[in-house]
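Enquirer: The structure follows.
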Amino acid sequence: MERIKRFIRELSEQQWLEVQELRDWEILSSVYQLPGQYDKLQPYKDGSNYDLFPSVQGTTYFFRRTLEIPANWLPGHIGLIFASGGEGLLRVNGESRQGLDRNHTFVTLAGDPSGRPLDLEIELFDPVPEPVDPLNQQAVIQPPIRMIHSQLVLVNRP
């Protein structure tokens, strides 16, 4: 079993050819009311520390940035990793691309052949813990978002 674990670890260490941290997101916060309706969309100034993100459960955050993919990466398989523990939706150039949650943190990004930058927006919801289920006396305890991990990666296809 140890040999299998070591083999998996060695493969995971080789999965990215290059990695760039993505730290300079514009962050807005709001409270969800109805589909497409939010209360007081405002800049979230407390969110500059991605390693200890001060989230409040029940809040929706909008992470926005313009992303230029390095020219030497364009013929390759490019991906975005966004891990937070919340529930999110990635939009690329205004179009919904993929959902993000605890189990889905990787998104394939297609670079524009003309070299035009990509406008990224991640609508991220910090879920409120569910109440105790009366049938089995269990609750799904979801901790608040405490860390934002985002990277642009060049995938090692083999």
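The values are calculated or read from the model by the stated rules, or taken from the named source; none is laboratory data. Nothing here was measured: the structure is a model prediction, and the numbers come from that model. In this analysis, Cβ positions are derived from the backbone assuming ideal geometry, glycine residues included, and neighbour counts consider all displayed protein chains. Surface areas here come from the heavy atoms of the whole protein model, side chains and all, with no ligands, DNA or RNA. Shrake-Rupley method; radii C 1.70, N 1.55, O 1.52, S 1.80 Å.
Enquirer: Any chance region 140-149 includes a residue that's crowded, with 17+ Cβ neighbours inside 10 Å, at positive phi and under 20 Å from the mean Cα position of the chain (by Cα)? Show your work before the answer.
Expert: So in region 140-149, the residues crowded, with 17+ Cβ neighbours inside 10 Å come out as 144-145, 148.
Narrowing the set further to residues that are at positive phi leaves none.
Checking region 140-149: not a single residue is crowded, with 17+ Cβ neighbours inside 10 Å, at positive phi and under 20 Å from the mean Cα position of the chain (by Cα).
Results for (1) at pLDDT 85 or above; (2) under 25 Å from Pro144 (Cα atoms), shown as yes or no for each residue.
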residue: Ile8; (1), (2): yes, no
residue: Gly36; (1), (2): no, yes
residue: Gln42; (1), (2): yes, yes
residue: Thr60; (1), (2): yes, yes
residue: Ala110; (1), (2): no, no
residue: Ser114; (1), (2): no, no
residue: Pro117; (1), (2): yes, no
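Enquirer: Out of region 119-155, which residues are farther than 19 Å from Ala83 by Cβ and at pLDDT 85 or above?
Expert: Asp119
Enquirer: Additional query: Restricting attention to region 83-97, report how many residues are acidic (Asp, Glu) and either part of a loop (DSSP other than H, G, I, E, B) or touching a residue at least 40 places away in the same chain (Cβ under 8 Å) (or both).
Expert: Number of matching residues: 1.
Enquirer: Next up: Can you name the condition, by its number, that Asn136 falls short on among (1) more than 18 Å from Leu22 (Cα to Cα); (2) in contact (Cβ under 8 Å) with a residue 60 or more places away in the chain?
Expert: The single condition Asn136 does not satisfy is (2).
Enquirer: I want to confirm something. Restricting to region 83-104 and keeping residues that are surrounded by 15 or more Cβ atoms within 10 Å (Cβ to Cβ) and of a type in the set (Gly, Ala, Ser), which single residue is modelled with the lowest pLDDT?
Expert: Here the residue is Gly85.
Enquirer: Find the residue count for region 24-82, including only residues that are in contact with a Pro (Cβ under 9 Å, 6 or more places away or on another chain), in a loop (DSSP other than H, G, I, E, B), open to solvent by 70 Å² or more (accessible area, probe 1.4 Å) and farther than 26 Å from Pro117 by Cβ.
Expert: The qualifying residues number 1.
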